[in-house]
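A short reminder: the numbers here are calculations on the coordinates, not readings from a lab. Small disclaimer: the values here were computed from a predicted structure and weren't measured. When we count neighbours, we look across all protein chains shown, and the Cβ atoms used for this are built from the backbone with ideal geometry, even at glycine.
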Amino acid sequence: MTRLGRSVLVGTTFAVAFGVLTPAVTAGELEDIITQAREATYNATRVTKSVWGNQIEVTDQLVEHWSGGELVRTNSSWTVSGNGRLVSMGEVPSGLVFLTAKTTPEIQRYEVGSVTTVKHMHRSALRVEVMEGDLKRATLIVDERSGAVLLAETFNGQGRVFRTVSLSDFKPYRMYPEPEEMSSVPVQVIMHSDSDLLPNELAGYQIVDVFQGPGGSEQSFYSDGLFGFSVFAISKRTVIDGFADSMALVTDDGLYEMVPTAQDVRIRWADKDRNFVLVGDIPPDHLEEILADLPAPGRDSMLKIWWHKLFG
């Protein structure tokens, strides 16, 4: 058997994507806002909270953000990501470089709604609503002076907040360079390819990049210009880690294993041919639509997984 041990690059969260915002924002300029956001420079403590059903996940991280990337410190470990690169320094240092086609799709289903002036953490800020049709998909509190997003709330299909990202101890500059030992971390280069296993569009998300992995696996990254996720199509012989404490997700299409975290959600299932894993920062209502467009779980495969999980 092979083992799926490769790290995952998924869609950009609001804390990263919405870094700089021009004060005079009007409806219809969302794509320009996101483009400017990647140029933000700041350091802060970032608290991310997500709610999936009755389960609440929270993380507290030290973050340094700059043009196109960020350094995240969690306890004694850290990661540097951005511009197609991911380097992690934990118990086992590792690095990935994705040679990407960079074909991020244009934003079509979101636009900027109302923009009002507010005070947040004693700073002058703008409150920006991001709309998906008649649904308020996000609310952003943006520091007028630096352009950084101090608070971001994302809403589910019922109009309830399911993810909150807030910054504190905020300073609009970087304090530390990237760790010097990063240059000694072994890096795996992964080439862009075409997809043989997955569609070019899933529930309004366009395929951006495809990467081949070990054992004939394939990672396809999708985006709608705002949210993003990766889908892995994996051989049945591959051992998949990270789902020991999963919960059941039941949809009209079948039974899935789900591990919600503060930053993203991770889904695992299998059909008669292969295993699938989805990892992304997508809203729950989008997730159900995406799963409906993918191969459905095989009843026998998923019952075996849960039987083993429950009874050993």
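Starting from the Cα of Asp252, move 7 Å in the Cα-to-Cβ direction to define the label point; list residues of region 279-294 whose amide nitrogen is under 15 Å from there. In region 279-294, the label zone of Asp252 (backbone N under 15 Å from the point 7 Å along Cα→Cβ) covers 285-294. Couplings 3J(HN,Hα) of region 120-129, computed from phi: 9, 6, 6, 10, 6, 8, 10, 9, 10, 9 Hz, in residue order, whole Hz [Karplus 6.51 cos²θ - 1.76 cosθ + 1.60, θ = phi - 60°; x for Gly and Pro].
Treating only the Cβ atoms of Lys and Arg (+1) and Asp and Glu (-1) as charged, compute the dipole magnitude of region 208-307 about its Cα centre; round to the nearest 20 debye. Before the final figure, lay out each step's value.
Working: 8 positive and 17 negative charges, 120 e Å.
Using Cβ point charges on Lys, Arg, Asp and Glu, region 208-307 gives about 580 debye.
Ranking Tyr222, Ala262, Ala233 by Cα position along the charge dipole of region 192-311, where only Lys, Arg, Asp and Glu carry charges on their C-beta atoms, puts Ala233 farthest toward the positive end.
Descending by average beta-carbon neighbour count within 10 Å, the peptides 280-286, 239-245, 111-117 line up as 280-286, 111-117, 239-245, the highest first.
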